[in-house]
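The next block holds one structure in the form of structure tokens; read it before the comments.
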There are 2 protein chains.
Amino acid sequence: MTNTSIGIDIGGTKIYIAVLKDGDMIGDPFKFSTPDTKEELLNIVTGSIEKILAKYPEVKFVGIATAGAVNKEGDKIIGSTGNMPDGYNTIDFKEVLSSRFGLDVLIENDANAAAYAEYKIGAAKGQQNTITVTLGTGIGGGIIIDGHLLKGKTGVAAEVGHMQISENPKRKCTCGAYDCWEAYASGTGYAINAKEMTLEVPAKERGFLKDKNIDEITSFDIIEGKKQGDALCKQIHERWENLVLKGLIALGNIFDPESIVISGGMVDCIDLRKLEERLNKELAAASKVRLLRAQAGNYAGMLGAILLAEEKFGA
Amino acid sequence: MTNTSIGIDIGGTKIYIAVLKDGDMIGDPFKFSTPDTKEELLNIVTGSIEKILAKYPEVKFVGIATAGAVNKEGDKIIGSTGNMPDGYNTIDFKEVLSSRFGLDVLIENDANAAAYAEYKIGAAKGQQNTITVTLGTGIGGGIIIDGHLLKGKTGVAAEVGHMQISENPKRKCTCGAYDCWEAYASGTGYAINAKEMTLEVPAKERGFLKDKNIDEITSFDIIEGKKQGDALCKQIHERWENLVLKGLIALGNIFDPESIVISGGMVDCIDLRKLEERLNKELAAASKVRLLRAQAGNYAGMLGAILLAEEKFGA
């Protein structure tokens with residue numbers, strides 16, 4: 001009952017490739033910057049696998065967590081994202097890795113895979129109904145219902161960042177529509193909120209932000225200013241927490257989950273206990289939702305993909 | 001393989017009780033106005049069942065669709081609604097009907113049951129991922145994922161009416177929170193929109209609505225005015241369609257369903273083809289969602305409850 005496997009996480013900036021025994025990484029993963037072309041990317045993957053197989057010939061399957069959309073069957077990338085090499089979605093990892101190395105391949109969207117890791121081994125361990133929301137550059141989501149990933153009809157479900165939170169169009173989202181939750185409550189949204197709100201205040205009344213270049217204000221600046229008691233920074237931050245709350249309320253009401261796990265770069269900016277209390281006051285159906293901090297770590301996506309691959313191919 | 005069963009639909013204004021053979025109603029159902037007390041309500045149910053059993057002693061199970069929340073196991077009402085008799089949620093139908101008549105009992109929330117009927121025998125027949133949205137006095141929802149009802153951890157999931165669509169609090173919802181989709185896009189929301197927008201226009205410029213009592217303007221008035229080419233009525237109606245669209249976009253992005261079925265009193269006010277086109281333009285993930293008109297009819301809730309009961313208890 002021992003499964004030795006290869007886990008891969010392919011993101012817009014980094015690629016991780018690791019050997020795992022029954023879901024635990026052996027040593028540190030290989031790390032690469034995401035290259036500019038799909039050919040280089042495929043070379044990185046196949047080259048690393050070759051090296052790993054030389055040392056661990058018993059490996060039978062690979063789990064890949066990837067940016068972009070993956071089909072429902074978990075064997076094909078069906079949609080890329082702006083920060084991936086051109087034509088990335090035409091790479092057929094299953095075909096390449098099975099014909100070349102005889103390996104079984106499971107592919108899953110990174111946000112879905114991370115949510116699966118939180119459910120199996122992380123913050124939501126043992127909770128059959130849980131949602132992981134990643135607050136980073138954008139907003140990603142992975143949704144577990146009765147122990148299964150929500151995939152939708154084609155595999156692209158759980159786009160939780162694209163609920164529109166304003167009646168009249170104000171701010172364009174990267175998806176092309178207006179006023180998506182992501183446009184306001186992601187890290188990127190945070191910075192836009194900060195810029196807008198700072199511009200509304202006369203230059204000399206900007207306190208902590210007085211000498212900052214408005215186009216370069218980051219969440220770190222605001223958090224620092226807030227720590228120092230700056231009123232504007234406090235307002236900007238509170239507005240953002242309110243905006244985060246909007247989406248959590250919708251998800252709580254729609255899914256009645258045991259928990260919502262928050263991951264991503266912005267999680268440290270949130271007072272989870274305070275927000276959990278507010279969330280539960282605003283839910284329409286009186287069923288308490290816990291707000292948890294992600295625990296599966298930086299390799300959550302890869303670990304989730306391996307957990308799914310083990311269930312499909314494992315001994 | 002013949003199942004004779006009893007189907008019951010208990011709503012805030014009406015109760016329907018019918019005999020069914022393999023899911024088809026035999027004759028017309030008994031119809032009652034919902035009484036003021038839970039004792040009277042229980043008498044109506046048990047009295048009708050007694051009569052039915054005298055004629056159809058072969059009945060073995062009952063399917064009940066009800067207003068309010070039902071537990072995940074489908075055998076207990078766990079939350080009532082404002083328009084039901086006091087203490088309604090304390091009625092233990094399973095206990096009463098099994099001990100008194102030896103019947104098996106399945107209970108399901110009416111919006112969930114209606115969605116199940118649309119999926120099994122209605123507009124979304126054969127579609128494994130579909131959502132039914134009921135636009136009536138409020139907004140109800142039932143969600144089918146890979147052929148199963150989304151129930152959440154306790155049974156109260158699918159509260160799709162309570163996504164908040166405004167950043168700053170404007171309009172209070174019946175749930176206590178502000179700016180829920182339901183507060184704007186339900187029939188009730190429609191009338192509030194109409195009143196607000198009419199008040200913003202000087203009395204003599206109100207065209208078709210000039211002589212109407214503002215507190216009594218209904219969706220019927222607006223639709224009639226729109227038909228007659230009135231500009232204000234057209235604006236009011238278009239605003240409402242935009243508001244309906246907001247929620248549909250969120251559901252499309254979150255669930256990637258094959259279809260969203262619209263039911264309830266307001267469905268006739270929507271140009272479904274036009275709205276479907278707009279919906280699919282605004283979805284973040286490029287996976288077409290069909291917008292369909294409900295087909296399971298007035299007894300959709302009861303039929304859905306019977307379909308669920310047949311799967312659980314049927315021969």
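Each value in this text was obtained by applying a stated rule to the coordinates, not by laboratory testing. Predicted, not measured: the structure shown is a model, and the values here were computed from it. In this analysis, Cβ positions are derived from the backbone assuming ideal geometry, glycine residues included, and neighbour counts consider all displayed protein chains.
Tell me the strands (runs of 3 or more DSSP E) entirely within region A:43-143 that contain at least 2 residues that are within 14 Å of chain B (Cβ to nearest Cβ). I'd like the intermediate steps shown before the answer.
Numbers: elements: A:61-66, A:77-79, A:104-109, A:130-135.
Here the list reads A:77-79, A:130-135.
Take the residues in region B:176-206 that are crowded, with 16+ Cβ neighbours inside 10 Å and of a type in the set (Gly, Ala, Ser); name whichever of them is nearest to residue B:275 (Cα to Cα).
Applying the filter and picking the extreme gives B:185.
Consider residue A:147 carefully, then state whether it is surrounded by fewer than 23 Cβ atoms within 10 Å (Cβ to Cβ), in contact with a helix residue (DSSP H, G or I) (Cβ under 8 Å, 6 or more places away or on another chain), within 14 Å of another protein chain (Cβ to nearest Cβ) and not hydrophobic (A, V, I, L, M, F, W, C).
In short, yes.
Out of A:253, A:298, I need the residue that is within 14 Å of chain B (Cβ to nearest Cβ), of a type outside the set (Gly, Ala, Ser) and either more than 23 Å from residue B:158 (Cβ to Cβ) or touching a residue at least 24 places away in the same chain (Cβ under 8 Å) (or both). Which one? Show your work before the answer.
Details: A:298 fails: within 14 Å of chain B (Cβ to nearest Cβ).
Testing whether each residue is within 14 Å of chain B (Cβ to nearest Cβ), of a type outside the set (Gly, Ala, Ser) and either more than 23 Å from residue B:158 (Cβ to Cβ) or touching a residue at least 24 places away in the same chain (Cβ under 8 Å) (or both) leaves just A:253.
Of all residues in region B:154-205, which are of a type in the set (S, T, N, Q), more than 8 Å from chain A (Cβ to nearest Cβ) and farther than 16 Å from residue B:138 by Cβ?
B:168, B:198
Among the residues of region A:259-284, write down those that are outside any helix (DSSP H, G or I) and either surrounded by 22 or more Cβ atoms within 10 Å (Cβ to Cβ) or among the hydrophobic types (A, V, I, L, M, F, W, C) (or both).
Within region A:259-284, the subset outside any helix (DSSP H, G or I) is A:259-266, A:270-271, A:283-284.
Scanning region A:259-284 gives A:259, A:260, A:261, A:262, A:263, A:266, A:270, A:283, A:284.
Would region B:233-244 turn up any residue that is surrounded by 22 or more Cβ atoms within 10 Å (Cβ to Cβ), under 30 Å from residue B:70 (Cβ atoms), facing another protein chain (nearest Cβ under 9 Å) and β-branched (Val, Ile, Thr)?
no
Just to check your reading of the model, which residue among B:161, B:229, B:176 is out of contact with any strand residue (DSSP E or B) (no Cβ under 9 Å at 6 or more places or on another chain), closer than 24 Å to residue B:78 by Cβ and not polar (S, T, N, Q)?
Exactly one residue qualifies, and that residue is B:176.
How many residues, within region B:44-61, are within 10 Å of residue B:17 (Cα to Cα) and not small (Gly, Ala, Ser)? If you could, list the steps in order and put the result at the bottom.
Residues of region B:44-61 within 10 Å of residue B:17 (Cα to Cα): B:44-45, B:48-49, B:52.
Narrowing the set further to residues that are not small (Gly, Ala, Ser) leaves B:44-45, B:49, B:52.
The total comes to 4.
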